[in-house]
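Have a look at the structure below, then the notes.
Quick note: the coordinates plus some simple rules give every number you see, no bench work behind them. None of these values were measured; they are calculated from a predicted model. A quick note on method: Cβ atoms are made from the backbone with ideal geometry, for glycine too, and the neighbour counts reach across all protein chains shown.
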Amino acid sequence: GKPGTKLTDAQLRTMNYALGVINPMQRLLQTRDQLRLNRKQADSLSLMSREFNIMLDSLWIPLAEYFNGLQSDYDHGVAHTKFVEARELAADRLMQIGPIVKRLLTPQQFRKLSTGVAIYLEPRYIAQVKAGLVGGGFISEMGMMMMIR
């Protein structure tokens, strides 16, 4: 954006994708009919999705507000560190949730998942997200900073 142009809080809230982490439970719930989720599975996924979104917002909103408040002469190192810390915390939580989600699904349901969802349940992929190697990483960070600035 142009100097002085700031995104609104509502706009900032929707940009948490910049961390490179999606909510796979939300995606699973969007395909509940195709997956034939039972009530217990849907309820469990819904609760985990809500908790994950709350955690993601708790990381993202303060970070976005921080970036939105930066002046043109900000310390790039500090800004980068804050972004990386938030991405790593989100990835750590996803690493904890992934195995639980996989255990909730039957093998048949898991095979029906799109690759774009299934990879977010795999610890090796999440480790790459955490390291900023996939899921946007540095590109997401730079894009976010340009949009916020």
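What to note about this one:
- 3J(HN,Hα) along the range 118-133, derived from phi through the Karplus expression 6.51 cos²θ - 1.76 cosθ + 1.60 where θ = phi - 60°, amounts to 4, 5, 7, 10, 9, x, 5, 5, 5, 4, 5, 4, 4, 7, x, 8 Hz, with x in place of Gly and Pro.
- Protection proxy ranking, highest mean first, for peptides 40-53, 90-103: 90-103, 40-53, where packing is the per-residue count of other beta-carbon atoms within 10 Å, averaged.
- Expressed as a fraction of 2.2 N^0.38 Å, the C-alpha radius of gyration for the range 23-135 is 1.23.
- Here residue 106 and residue 47 are evaluated by their C-beta separation; at R0 = 30 Å the FRET efficiency comes out at 0.95.
- Reachable aspartates and glutamates, given that their alpha-carbon falls under 12 Å from the alpha-carbon of residue 112 and they are not under 8 places away in the same chain: 33
- Between residue 55 and residue 92, full extension at 0.36 nm per residue minus the direct alpha carbon distance yields a gain of 12.2 nm.
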